[in-house]
Amino acid sequence: MTVFIPFFTGLIAAIVGVLPPGLINMTVAKVRLTDGIKRALIFVSGALLVIAVQTYVSVVFARYISQHDEVVATLRTIGLVVFGVLSLYFFFWAKKPTLEGSDRIQLKSKRSRFFMGMLISALNLLPIPYYVVISVTLASYGYFDFSLAQELSLVAGVTSGSFLVFYLYIVFISHLKSKTDWVLRYMNRIIGTITGLVALLTLWNLLR
């Protein structure tokens, strides 16, 4: 079984999960503006280390869950509901994301940006259940067999997708407010479309 499917699934899942402005990417942007690109990349490397560990922990949980068919069936149903609700939320109720949060982030020290990235990333525990669902869903469709190569491929995909989003924030932060406002304007619709497609795919597999 190819390792490319877990990699690209992890890549896309990470982009969808990290792209909306949040504490980590807003702090990345703030470090970029105050300390420069080099320190921002050091911060990102610390965050990515924790993200990689969290993803592997998620895979370990998913490996256990996948051995119990009744749990997998329940998670599929939960995934359908969650992705369906998320799709509706991003289309109809979510506010347009902004970059104003970066102005409120206070950076007290310029030392140890690596450990600062690790700390802020570690405070965010949502990736663990998120990637558990991704892993179990892949496995239930026969695209993930929890071999070491596939597990590392998924972790590499998630880490790569997270780095891509963080790097985009680093590179384009000075232009986001004026030149890429359309991205923020349509971000909710983009994410809502992706989650909607996942919900439809899950529904199709449940009814099949």
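Brief remarks on what is shown
- Extension gain from residue 74 to residue 172, taking 0.36 nm per residue of separation minus the Cα-Cα distance: 31.2 nm
- Of the listed residues 3, 53, 155, the order by accessible area with a 1.4 Å probe, largest first, is 53, 3, 155.
- Added length on full extension, which subtracts the Cα-Cα distance from 0.36 nm per residue, residue 204 to residue 38: 55.1 nm
- Dividing the C-alpha radius of gyration of segment 1-69 by 2.2 N^0.38 Å, with N its residue count, gives 1.41.
The values are calculated or read from the model by the stated rules, or taken from the named source; none is laboratory data. Computed from a prediction, not measured in an experiment: that's the story for all the values here. Accessible surface is based on the protein model in full, side chains and every heavy atom, while ligands, DNA and RNA are left aside. Shrake-Rupley method; radii C 1.70, N 1.55, O 1.52, S 1.80 Å.
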